Amino acid sequence: MSELKVVIIGAGSSYTPELIEGLINRTAELPLRELWMVDIEDGREKMAIIANLARRMLKKAGLDVSVHETLDRRAALTGADYVCSQFRAGCLDARISDERIALKFGMIGQETNGLGGFANACRTIPIALEIAREMETLCPDAWLLNFTNPSGMVTEAILRHTTIKAVGLCNVPVIMQKGVTKLLGGSSDFIMQVAGLNHFIFARQILQNGMDKLDDVIDEIIAGNDPLVPRNIPPFTWPAHVLKGLRMIPCAYLRYYYMKDDILKQEIGEANGEGTRGEVVKALEHELFEIYKNPELAEKPQALEGRGGQYYSEAACELMSAIHNDKRIIMHVNTRNNGAINGLPDDCAVEVSSVITRSGPLPLNVAAFPEDTLRLLQLMKSFEQLTIEAAITGNRHTAWRALVLNPLITSGTLLEQALEAVIEENKELMSAFH
Ligand code: G6P
């Protein structure tokens with residue numbers, strides 16, 4: 001098997017040790033030769049800490065892999081086999097500013113949903129496209145595994161505007177899968193089918209031994225036993241009528257839509273107390289990097305599990321291996337719809353259970369969504385597509401059209417002021433708007 005060059009963009013992220021662990025656990029399947037870490041000047045120091053930890057982890061595992069750290073993205077991309085994208089445009093400060101602006105104007109402040117998701121997309125998509133275009137010339141055969149948020153919109157922008165082979169990832173379906181495993185008594189001999197958009201998915205079927213276990217799992221969740229929620233979303237209980245009414249299991253992010261007012265109240269409380277999620281994460285990151293600096297440390301520390309992005313590595317490394325080894329296993333990824341969800345365009349990105357092959361993900365067809373949920377998915381897809389267009393063109397009219405569709409976003413004067421505040425705060429990273 002030929003040896004691989006893997007590139008991590010945004011390597012200074014505190015999540016990177018998870019990826020390294022995932023690669024180490026799969027050396028038989030993914031013969032790694034070179035690991036290239038890329039970041040920007042602001043992330044240089046963090047990247048150096050991570051690169052040293054990675055070297056210690058690889059050495060402890062007895063692996064002879066060269067670890068390069070660079071600010072020169074083009075050098076890293078040249079001849080790459082797999083590129084993992086996990087950068088955060090504007091770093092945590094931009095996330096915090098999104099959260100605070102949204103709350104100031106009476107909206108939920110969240111990094112991938114509502115106004116925050118829009119702002120994040122506008123900062124990120126131009127950079128993601130720049131990277132994908134560099135890949136077109138420097139490593140046209142490489143696969144891009146995107147978990148840069150907002151993952152669904154970033155993946156769709158790349159699939160629509162470049163020729164790169166890209167798959168979008170999220171840990172939410174992985175967490176759901178693990179949660180269902182717990183609820184089914186620890187057995188993983190079931191197939192769960194999910195479908196929807198990133199951070200807007202539903203579990204549609206849970207097949208085990210010829211039976212659909214969806215109702216059993218729903219009953220457990222209603223009874224207050226819900227291990228399907230990522231760490232970054234405070235524990236909550238779904239009202240019975242949501243789950244019984246839908247007869248699907250919404251991912252925890254759908255709480256922002258189905259329980260909007262409860263969340264807003266909770267976020268206001270947090271923002272006035274321990275801080276917004278971005279602020280909490282900033283403190284946690286600081287602690288994590290202190291731990292990573294320890295020259296004795298040669299494994300992923302337990303403390304990383306306090307982050308919402310748990311199991312990213314599992315998703316990313318398993319996906320890499322499934323493509324590389326043509327495993328034909330089912331994973332939940334962001335890919336072109338191609339008819340899997342009836343009622344959404346064929347060429348848009350959806351998050352669906354797919355068979356992963358060397359040629360890419362083959363999305364599994366999903367039973368028709370009930371009309372009410374389908375309308376919601378269509379609305380959110382229009383929001384996403386207009387947001388992508390606004391991110392590229394910087395057209396305020398397009399931005400407005402996107403924003404007024406989103407159920408988490410206000411309208412009128414408040415929205416006008418909030419949009420201007422976002423554009424003003426992001427002078428450099430939203431240059432298309434200036
Ligand atoms: C979730 C989401 C990710 C997100 C993460 C945030 O699991 O799926 O898209 O990046 O949480 O976690 P954090 O610890 O940064 O709030």
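Structure values in brief
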| item | result |
| --- | --- |
| Proximal aspartates and glutamates relative to LYS244, as straight alpha-carbon distance under 19 Å, when same-chain residues fewer than 8 apart are discounted | ASP212, ASP215, ASP216, ASP219, GLU220, ASP226, GLU371, ASP372 |
| log₁₀ of I(q)/I(0) at q = 0.14, 0.18, 0.20 Å⁻¹ - the stretch 198-242, Debye sum with one point per alpha carbon | -0.40, -0.64, -0.78 |
| Within a Gaussian network of the chain (alpha carbon springs, distance under 10 Å), most fluctuating of GLU371, GLU136, GLU389 | GLU371 |
| Zone of LYS60's modelled label, taken as backbone nitrogen in the stretch 14-30 under 20 Å from a point 7 Å along Cα→Cβ | 14-28 |
| Cross-link pairs LYS60/LYS300; LYS59/LYS293; LYS5/LYS178 - those with Cα-Cα distance over 20 Å | LYS5/LYS178 |
| Pair ASP261, VAL280: separation of 7 Å Cα→Cβ label points (nm) | 2.4 nm |
| Only Lys, Arg (+1) and Asp, Glu (-1) charged, at Cβ; the stretch 306-434 dipole about Cα centre in debye | 320 debye |
| Two-decimal Rg/Rh across the stretch 256-347, once Rg and the Kirkwood Rh are taken from alpha-carbon atoms | 1.11 |
| Ratio Rg/Rh [Cα only; Rh per Kirkwood] for the chain | 0.94 |
| Radius, Kirkwood style, for the stretch 1-146 when every pair of distinct Cα atoms is counted (Å) | 16.2 Å |
| Stretch gain in nm, segment ALA28-ALA48, where the contour uses 0.36 nm per residue and the Cα spacing is subtracted | 4.5 nm |
| The stretch 385-402 residues near the modelled GLU416 label - backbone nitrogen below 14 Å, point 7 Å along Cα→Cβ | 397, 400 |
| Approximate spin-label separation ASP93-GLU305, in nm, with each point projected 7 Å along Cα-to-Cβ | 3.4 nm |
| Radius ratio Rg over Rh of the stretch 131-226, counting only Cα atoms, Kirkwood formula for Rh | 1.13 |
| Calculated FRET efficiency for the pair ASN365/GLU136, C-beta based, R₀ 35 Å, to 0.05 | 0.70 |
| Axial C-alpha extent at least 30 Å, average Kyte-Doolittle at least -1.0 - helices from the chain (DSSP) | 114-138, 371-393 |
| For the chain, size of Cβ-based charge dipole, Lys and Arg +1, Asp and Glu -1, in debye | 420 debye |
| Cα-based Rg of the stretch 178-301 normalised by 2.2 N^0.38 Å, two decimals | 1.30 |
| Charge-dipole axis of the chain as Lys and Arg at +1 and Asp and Glu at -1 on Cβ define it, positive-most pick from VAL350, GLY22, GLY308 | VAL350 |
| At R0 = 25 Å, FRET efficiency that the Cβ-Cβ distance of ASP347 and LEU374 yields, to 0.05 | 0.90 |
| Calculated [θ] (222 nm, deg cm²/dmol) that DSSP helices of n ≥ 4 give over the chain, each run adding -39,500 (n - 2.57) | -15000 deg cm²/dmol |
| Ranked by how many other beta carbons lie within 10 Å on average, peptides 61-73, 294-306 from highest | 61-73, 294-306 |
| Over the chain, relative contact order from alpha-carbon pairs under 8 Å, at least 6 apart, % | 18 percent |
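Every read-out reported here was derived from the displayed coordinates using simple, explicitly stated rules and does not represent laboratory data. Worth saying up front: this structure is predicted, and the values here are computed from it rather than measured. A quick note on method: Cβ atoms are made from the backbone with ideal geometry, for glycine too, and the neighbour counts reach across all protein chains shown.
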